[in-house]
Each structure stands twice: as structure tokens, then as C-alpha cells.
Amino acid sequence: MLVQSLLKDPLLHFLGLGVGLLLLFQFTGNQASDERNVLIDRETLLTFLQYQSIAFDREQFELFLDDMSPREIENLIQQAAREETLYREALALELDRDDYIIRSRLVQKLRYLSEGFSDDDLTLNEEDILTYFEENRKNYDIDPFITFTHVFYNVQRRGKDEAYGLAEEKLVELNKENIPFEEAANHGDRFPYFVNYVERPPQLIASHLGGDIAESLFQITPSTSVWHGPFESSFGFHLVMITNQELEREPSFEEIQDRVEADAQAAQARQNTELAIQEIMDQYQISIDPILMRSN
């Protein structure tokens, strides 16, 4: 009877409710306290430095941290604490919700992590690299280019006959006196484009001098001592020294082996990353609204 009487006592109910609220407050209060307790340690500072520099070389940053003065350490602690407190406050205010920029950054971060794991599984032997080369041979074709300088005579300024006559006389002088490549700018008239063309493609030469001249120049054997011409363009007459040229060709594997190996590893890394992402996607059930599948 005494127990039943106590259970019905309103005062006891009130005391019980008070104790329950106190326990709940202590529990949630401790959680809130933990959320607002920011610990800055060596690991925190190393992580902060690496992400600020967008470089992830722990050994390098450990040395960098060890070389810091006490004042620099103090400033670094303040910066790291400031970033951490602002981050936590933003989460507390749920500023990360419905933010597409944050969503994109999280996706990018997961892709980055996937790429990091995929890099650990890059095992290509010489046969793999050679196979990649054969399958992508066209990507390694060497495009044609030419290196030359020229002396120019302007037909609009001098008239065609005078410009051609001066060009013929200058050609004899250039070859007789062995005028070098670098002195071409000291002779003739000013050309609207370049004096020296270094490893330029035929398309550019044709756009500046005309297709006929471009085709002719690629037929000449390069030399560092012989001038050729005159060649006529829509601007006037040109005396040309060609010092280097490369015709379009397919290089041998040995010429570009290092480049092919780097490309093959990059391709393998991309493939591994896509496989890692697909493994993640396979863990989810993707549902599509039937309305989207209806034909218009």
C-alpha cells in the first residue's frame, strides 16, 4: 500500500521528471561541449599545411613544420583554429545543406581519393606499353615543321620590277658574304609578319607567304649557309635560309618510349579510377522516374 501511495504522489513524479531532464541536459551538454572543443595538435597543423599548399608530401611538411619559429607556429595555430571553428559553425548552421558547390567539391574529393587508390595498382610491363603504342600510333605522328629566316622586298613600296631586281642582287650578296641566320633582320624591307620562323607548321607558312611558297620551302634541303630565292608572295619577294625541317612521319617506338609509357600509365590510371567509381555506384540502387523514359 505504501509503494502504491508513493507511485501516485505528484511530488515524486515531479522529482523523477527533474532527474530525467538533468541527465538529458548533461548528456546533450557534453555533446555540445565536445563539438565546441577544438584540439590543435601536430597532426592538425600538418594537415592544414598540406591542404593550404595543395601538396601532399608529409615528410616535406614535417621538416617545414620543424623549421618554423615559435612565432610562426603561433600564427599557424591561430589560422588552423580559425578555419576549424568556422567549419564547425557552418555545419552547426547546416550551411552545407542544399549547396551545389559543396556537393561538387565532395564529389571531386571522392574522385581524388579513387584516383589515389587506383595509382597503387599501376603495373605495366613493356608488352603492355608496346600494345598501347600500337593501338594509339596515330596520336604520335610527328607533324611537319620548318625553321627558316628570310629577307623581304616589298612590291607595293618599290614596284614589282625594282623589288625583284633588288632581291636578285641581295641573293648574290648574302651567299657571297655568308650572311648568317641571325642577321636577316638587317637586310631588306620590313615584313608584316615574322622575320624568323622557328619550327612552324606548313599551315602557318601558307597563311603568311602563300601555299606555293610553303610547298616549295619543304622541298629544299636545310643548310646554315645557303640562301634561296627569290620566292614571290602577295607581299613581294623573299630570300630564304632554311636551317631545319621535319616532314610528317610516324616515329619508331624507341624514339618516344618514355612518352608512350607515361601515356599508357595515365590511361591505366583513368581506367582504374572509372572501375573504382563503378564499384561505388554498384552499391546503390538507381531508380529512374518512368516519365523520363517516355518518348516525346
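The values are calculated or read from the model by the stated rules, or taken from the named source; none is laboratory data. Keep in mind that this is a model prediction, so the values were computed, not measured. All Cβ positions, glycine included, derive from the backbone under ideal geometry; neighbour counts span all protein chains shown.
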* **Cβ-Cβ under 7 Å pairs, at least 6 apart or on other chains, the range 174-197 side in the same structural domain as residue 227 (by TED's automatic domain parsing) and under 16 Å from residue 155 (Cα atoms), far side assigned to a helix (DSSP H, G or I) and not small (Gly, Ala, Ser)** => 187/170; 188/170; 189/157; 193/208
* Structure fact -> Only one of 204, 171, 166 is under 15 Å from residue 242 (Cα atoms) and in a helix (DSSP H, G or I), namely 171
* **Of all residues in the range 50-108 being within 30 Å of residue 277 (Cβ to Cβ) and among the β-branched types (Val, Ile, Thr), the one that is modelled with the highest pLDDT** => 101
* Is there a residue being closer than 30 Å to residue 112 by Cβ, at pLDDT 70 or above and surrounded by 10 or more Cβ atoms within 10 Å (Cβ to Cβ) anywhere in the range 13-36? -> no
* Meets criteria (assigned by TED's automatic domain parsing to the domain that holds residue 225, out of contact with any strand residue (DSSP E or B) (no Cβ under 6 Å at 6 or more places or on another chain) and at positive phi) for residue 159 -> yes
* Quick check: is even one residue across the range 220-241 loosely packed, with under 15 Cβ neighbours inside 10 Å, under 39 Å from the mean Cα position of the chain (by Cα) and outside any loop (DSSP other than H, G, I, E, B)? -> no
* When you scan the range 35-87, how many residues do you find that are over 29 Å from the mean Cα position of the chain (by Cα) and either in the same structural domain as residue 113 (by TED's automatic domain parsing) or small (Gly, Ala, Ser) (or both)? -> 2
